1. In the stretch 34-65, which residue that is surrounded by fewer than 23 Cβ atoms within 10 Å (Cβ to Cβ) and of a type in the set (Asp, Glu) is farthest from residue 141 (Cα to Cα)?
2. Tell me whether the stretch 78-91 contains one or more residues that are over 24 Å from residue 129 (Cβ atoms), crowded, with 20+ Cβ neighbours inside 10 Å and touching a helix residue (DSSP H, G or I) at 6+ places or on another chain (Cβ under 6 Å).
3. What pairs can you find where one residue is in the stretch 140-153 and touching a residue at least 12 places away in the same chain (Cβ under 8 Å), the other is aromatic (Phe, Trp, Tyr), and their Cβ atoms are less than 6 Å apart, with a gap of 6+ or different chains?
4. When you check residue 216 against the structure, is it in contact (Cβ under 8 Å) with a residue 40 or more places away in the chain, at negative phi and not in a helix (DSSP H, G or I), yes or no?
5. Residues of the stretch 145-200 being assigned to a loop (DSSP other than H, G, I, E, B) and closer than 14 Å to residue 218 by Cα, which ones?
6. With the requirement that a residue be among the polar types (S, T, N, Q), within 28 Å of residue 129 (Cβ to Cβ) and part of a loop (DSSP other than H, G, I, E, B), what does the stretch 27-66 give you?
7. Checking the structure you have, find out if any residue of the stretch 66-73 is free of Cβ contacts under 8 Å to residues at least 40 places away in the same chain, surrounded by 13 or more Cβ atoms within 10 Å (Cβ to Cβ), charged (D, E, K, R) and out of contact with any Cys (no Cβ under 6 Å at 6 or more places or on another chain).
8. Kindly provide the set of residues from the stretch 171-203 that are surrounded by fewer than 23 Cβ atoms within 10 Å (Cβ to Cβ) and touching a Leu at 6+ places or on another chain (Cβ under 8 Å), ordered by number.
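Bear in mind these aren't lab numbers, they're just calculated from the coordinates by the rules spelled out. This is a predicted model, so every value here is computed, not measured. Neighbour counts run over all protein chains shown; Cβ positions are idealised from the backbone, glycine included.
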Amino acid sequence: MPFMLLAQIKKDSIKVFYLGGQSNMEGFGYVKNLPDSLNKKVKNVFIYQGNPVVDNDASGGLGKWDLLQPGHGSGFSSDGKTNKLSDRFGVELSLAKKLQELYPGQKLAFIKYARNGSSIDSIGTSGFGAWEPDFKGGKGMNQYDYFLKTVKGATAVKDINSDGVEDVLIPSGIIWMQGESDADKTEAIANQYYSNLKRLTDLMRATFRNNDLPIVIGKISDSGDIEGGKVWKFGELVQYCQEKFAATQPNAAIVRTTNTYKYTDRYHYDNNGFIDLGKQFATKIFLLNNKMGDKSKKASLN
């Protein structure tokens, strides 16, 4: 049989993870301060990052598959044809490195859409953007719509690394770092965080066609870098809701090491924080998949 015909028949199985949330998922680490082990292109790990914008912007969610490398943090942008890398990074680099250790020889992919300052509750957004699925303002586009657009764009591509072999994307987890903006407005919004997060992630799981898809969330923390010592006025309420989510939802876990991280400003972790957070996310999502018997192998986005 000719080689080209074999290439057409063969398919690559690639585990794909969704990365979402607000600024500490978007990423505020400085590429210039990365260790050499992370400051490079990552072989066999691919990323599709949706263009992060405010609500009601038609360019939101545009993206293009690329080999993972530094620059997918705050300041990244895409017009759907070209990715513009930034001088920042998020959890994706150390996440990839740790996942490669846990899944040796396995090709991996990330679908990322995160927006600085965004809240789930539309009242808590303060102009940065809301993830509330039913929120319709202006043209009716918000962060949830951009999530859907990002996933649709990413999964429409049959050969994400352009090697001539069709890729089968296997949804393997949702990784979520968000909640600070919902802790900043009113007690009522903070108290609703559990139900808001549950509804949002239920819909995200449905988007990936797997209602048991593992979810790992990062617990918000507070730098205390403000008069009075609390940046997030209702942070404890959101933290309680996050713990409740991890304890009561199926195939869910929480990363708590965020309370040990140092900050570069009152809102964002330093380089070491982002690097550790990626490792923690990788370990937690791997353990959840193992606990399930890696049922994700049975469901693809094709």
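1. 36
2. So the first thing to find is which residues in the stretch 78-91 are over 24 Å from residue 129 (Cβ atoms), and the list is none.
The answer is no, given that none of the residues of the stretch 78-91 is over 24 Å from residue 129 (Cβ atoms), crowded, with 20+ Cβ neighbours inside 10 Å and touching a helix residue (DSSP H, G or I) at 6+ places or on another chain (Cβ under 6 Å).
3. Within 6 Å, the pairs are 142/135; 143/131; 144/131; 146/113; 147/113; 150/113.
4. Details: in contact (Cβ under 8 Å) with a residue 40 or more places away in the chain: yes; at negative phi: yes; not in a helix (DSSP H, G or I): yes.
When the stated conditions are applied, residue 216 passes them.
5. Taking the stretch 145-200 and keeping what is assigned to a loop (DSSP other than H, G, I, E, B), we get 156-165, 178-180, 184-186, 192.
178, 179, 180, listed by residue number.
6. Within the stretch 27-66, 51, 56, 59 meet the criteria.
7. yes
8. The answer is 187, 191.
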